[in-house]
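These notes are about the structure you will find just below.
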Ligand code: SF4
């Protein structure tokens, strides 16, 4: 990661609430608070991991950051420009610089298209290459991800899961983006393939000076690739820290519980697992005060009434807890 921290993207007060409508007259009955007030800075050249259970709002956050979803509230700046105020044309131009890689390569690649056409599509849409130059650019992209010219005329079903994800990555690189959101990009792959793809992403980051937002529910993958990690719970960031600091000294009880659930490969070492009580509450009806209080082993009276702010408790290490660990 770059030692001089230059912001590439900034997010302030980001919210996405889906109104709940009921009855014949579709009257408003509250809202599902998928993302509920997020402030974040993503620095050029870093990988920011976003981790949390299914339904915590991490994928929605990624899509809001790319303006693939319209926020209910909040603003997003990319390279200093406020994106929510851009015209459609300006947004389209800016989107060239940010791409997304989805979880399931099988469903994100059109099964009827040849690999050449899949990877060439964004270049054609933006009118960047034609004819032989287009084909050479596609070959160059395939070679960047460990595939080659001989794959051009094949269809997605002829590839393994890992190879399909390589095709998805090649396509995401076509427009020379500076930011890529990897939305559960390795979660559907076998563990051995996961590390190959993670290593490929790291190598590409170095070669092409990419910035990643790496969204995952599994901590091992996030640990492998991230410089900093944001932990999300019920639409909010509850902890944000450098990777090493987060793993060595988690300060939020939820992060501590997540870390305690990660198996240790050494059977001689044991750690006490913190088992969280109950399920993730519904984002349509989040608990009062600290939304983690219904499952937190350290909850006290104040936690039920007052929501803790995300505050720095050490250099580069913030947590939203009245009694940080
Ligand atoms: Fe637990 Fe209270 Fe901290 Fe929330 S604020 S995580 S309930 S101790």
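Within segment 174-203, the set of residues being more than 17 Å from the chain's Cα centre (by Cα) and surrounded by 19 or more Cβ atoms within 10 Å (Cβ to Cβ) comprises just one member, 174. Of all the residues in segment 280-292, those that are in contact with a strand residue (DSSP E or B) (Cβ under 6 Å, 6 or more places away or on another chain) and within 8 Å of the ligand (Cβ to nearest atom) number 1. Among the conditions (1) more than 11 Å from the ligand (Cβ to nearest atom); (2) more than 24 Å from residue 13 (Cα to Cα), the only one that residue 295 does not satisfy is (1).
Taken over segment 81-121, the criterion of being under 24 Å from residue 45 (Cβ atoms) and in contact (Cβ under 8 Å) with a residue 40 or more places away in the chain is satisfied by 96, 97, 98, 99, 100, 101, 102. Find all pairs meeting these conditions: Cβ atoms under 7 angstrom apart; at least six residues apart or on different chains; first residue within segment 287-312 and over 20 Å from residue 274 (Cβ atoms); second residue in a helix (DSSP H, G or I) and near the ligand (Cβ under 9 Å from one of its atoms). Close Cβ pairs satisfying both conditions: 288/304; 289/303; 289/304. Test residue 237 against the stated conditions and say whether it is within 16 Å of the ligand (Cβ to nearest atom) and either at positive phi or touching a strand residue (DSSP E or B) at 6+ places or on another chain (Cβ under 7 Å) (or both). Here the answer is yes, as residue 237 does meet what is asked.
Scan segment 308-325 for residues that are more than 7 Å from the ligand (Cβ to nearest atom) and surrounded by fewer than 18 Cβ atoms within 10 Å (Cβ to Cβ) and the total you get is 8. The residue that is nearest to residue 222 (Cα to Cα), counting only those in segment 181-193 that are touching a helix residue (DSSP H, G or I) at 6+ places or on another chain (Cβ under 6 Å) and not in a loop (DSSP other than H, G, I, E, B), is 183. From (1) more than 8 Å from the ligand (Cβ to nearest atom); (2) at pLDDT 90 or above; (3) within 24 Å of residue 248 (Cβ to Cβ), pick out the condition that doesn't hold for residue 274. Result: residue 274 fails condition (2) only.
The values are calculated or read from the model by the stated rules, or taken from the named source; none is laboratory data. Computed from a prediction, not measured in an experiment: that's the story for all the values here. Don't worry about glycine lacking a Cβ; one is built from the backbone with ideal geometry, like all the others, and counts go over all protein chains shown.
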